């Protein structure tokens, strides 16, 4: 461990070494924020495709049969709060969870629904995954306020990107914040994969984590010579810089930071690995904990197959065969892995400084369709938060009797973002600047009273 | 770099209108890999962390932290400190959060902590402490959270602590030795996929169908590679199978799975069906 640290430090002296330029930002920040303690890290769990609120956090046992569906509610550890019967493990953790049952927006498509949940902003016009005009993702924005030091990436996302029928979706990158804030995509190195298509085409994944140190350093020196010959046009980020930022992060990860050790899941207790489940969903959340423990401030974990292609894979887009798919393939993985994460964070004393937030595209339609499925429903859906100063064992807002629209305390994805920002000690009204220096207020929502 | 960082800390504390901490102390902490951050709130208060970059910290190094005073939060996780080092913490009376997990400390040093009036959070997981420590820690007036997973505390000791301090949250965590690894269910009967030997004709492109699983079994007597033929006809590697190896692959039905030798020369292929199936790669002729 020590020898690795030394070589890394030597290496930094000779090259980058800008990680120290961080304290003023931190101070400015803490001056804005409330003087209460803030969360140090954030784990964002995303269920791609749109998780049904009925079959998770907002069961409707009193609704007519064609609305309430096949499953029954179960009691949780908190009197008065009930979950779907297929979340039996998570039900024991209700004392840690704040469930928001009144989130709604107007975006009925996957791309648009994911974008508004990930960025907190409505998509304008056609949006493309690689565009720098997009709003930054929640992970990117949070990471902007964190400077973990060279050797530790600011944000990581796992285990693959979101796609719809082969097209990569916009909303997971840093958009106008610039490539240096793009969360680094990392493939979870273990676990049975989700059924369906999961594409690993992003160039980040071409990075081989077992590259030898000398080779990395050699390549880096070469590139730094190159750097001096490239001039910047109009203050904008050049193609070279985009690549450079990525290269820098990749090299940092390789050179013996604690993050690299965290990536090795074989070092984890096999019993604990079993607790999370031998599935890429569980192992991804286990890796999330290990990365946060190693100092990564933001981790985003996708809890489903990566592509909605075909509709038959393990994504949450359950237009047909909803109940069987939820019961057999989706809810068990989600239930086990998220419960294990909460257990693990709590027994290590990490939960009060680690915010866990669960997001999805939208809910599902109240009435079960003729294919035994539920369709897209942004009219109302449920999200959840835990840790990081969030008061557990509470429900915020409610949906109406059929689960069709908010009945009380209606709120938006932007309000969820504002809540996350507040927990992370970030003023939601903070202005950030794009690569051309134009100011944008990061969030238009208001924090929910969940603390 | 360290000098830049130090300079910034000094400047920024001045901007708060308070006296800067002793620069030699800060320098020494930096040198041992510690990170000093201003703690949010009024005045000159610090949060000091060694758990990421300063894991080499020993008992002697803690003296520098003691000299800093006004330390509100201190993280010593994974450092080399022992019970003897805790003596240095005795004077840090502003301490609210203390991480001592995964260190070599035991009961001997705990007595140094009982007079920290503001201590709210104490993490002792994976240390050698026993019920003796719990009895002493019950005296901490402002304690709210105590973490003792993977220590030698007993049910009786915890019960005693809870009785003395009913409002303190004491977290014992899971007994991992009791975690049962669930065995996989018996495999369902499998169809055998048809082996189509390589010819001049290209293998067909995959079509999308319903979710299924194929178990590949390499009986060819040599190492082979497994490629998925993409919807567009491109090849994507999924696995390399050693002699006699099996590989379980999730896929859609009507997908083409190409087998090549190590040098990417096609040997043959399978097309998946809707049912769970076995695909035996036959012996080379």
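The values are calculated or read from the model by the stated rules, or taken from the named source; none is laboratory data. As the structure is a computational prediction, the values presented were derived from the model and not from experiment. Here the Cβ is made from the backbone with ideal geometry for all residues, glycine too, and neighbour counts use every protein chain on show.
The conditions of being more than 14 Å from chain A (Cβ to nearest Cβ) and over 28 Å from residue B:29 (Cα atoms) are met by residue B:135.
For the stretch B:37-76, filtered to residues that are within 11 Å of another protein chain (Cβ to nearest Cβ), buried (at least 21 other Cβ atoms within 10 Å of the Cβ) and more than 15 Å from residue B:96 (Cα to Cα), the residue that is farthest from the chain's Cα centre (by Cα) is B:54. Considering B:143, B:119, B:137, the condition of being closer than 14 Å to residue B:90 by Cβ and either in contact with a strand residue (DSSP E or B) (Cβ under 7 Å, 6 or more places away or on another chain) or modelled with pLDDT of 95 or more (or both) is satisfied by B:119 alone. All of A:281, A:277, A:311 fail the test of being more than 13 Å from residue A:333 (Cα to Cα) and either within 11 Å of chain B (Cβ to nearest Cβ) or touching a strand residue (DSSP E or B) at 6+ places or on another chain (Cβ under 9 Å) (or both), apart from A:311. Counting only strands (runs of 3 or more DSSP E) that sit wholly inside the stretch B:35-142, those with at least 3 residues that are in the same structural domain as residue B:157 (by TED's automatic domain parsing) and either farther than 27 Å from residue A:152 by Cα or in contact (Cβ under 8 Å) with a residue 24 or more places away in the chain (or both) are B:46-49, B:71-75, B:97-99, B:121-123.
Within the stretch A:346-387, being in a loop (DSSP other than H, G, I, E, B) and within 14 Å of another protein chain (Cβ to nearest Cβ) holds for A:348, A:349, A:350, A:371, A:387. All of (1) at pLDDT 95 or above; (2) on the phi > 0 side of the Ramachandran plot hold for residue A:372 with one exception: (1). The set of residues in the stretch B:240-259 being crowded, with 16+ Cβ neighbours inside 10 Å and closer than 23 Å to residue A:187 by Cβ consists of B:241, B:247, B:249, B:250, B:251, B:252, B:255, B:257, B:258. State all residues of the stretch A:314-325 that are within 13 Å of another protein chain (Cβ to nearest Cβ) and under 17 Å from the mean Cα position of the chain (by Cα); if no residue qualifies, say none. Matches in the stretch A:314-325: A:315 only. Between B:176, B:193, the distinction of being in contact with a helix residue (DSSP H, G or I) (Cβ under 7 Å, 6 or more places away or on another chain) and either facing chain A (nearest Cβ under 10 Å) or in contact (Cβ under 8 Å) with a residue 60 or more places away in the chain (or both) belongs to B:176 only. Looking across the stretch A:69-111, the residues that are more than 18 Å from residue A:318 (Cα to Cα) and in a strand (DSSP E or B) come down to A:73, A:74, A:75, A:82, A:83, A:97, A:98, A:99, A:100, A:101, A:102, A:103. Going by the conditions given, is residue A:149 more than 15 Å from residue A:306 (Cβ to Cβ) and either outside any loop (DSSP other than H, G, I, E, B) or away from chain B (no Cβ under 14 Å) (or both)? No.
Restricting the stretch B:171-214 to residues that are modelled with pLDDT of 85 or more, within 32 Å of the chain's Cα centre (by Cα) and assigned to a loop (DSSP other than H, G, I, E, B), the residue that is nearest to residue B:122 (Cα to Cα) is B:172.
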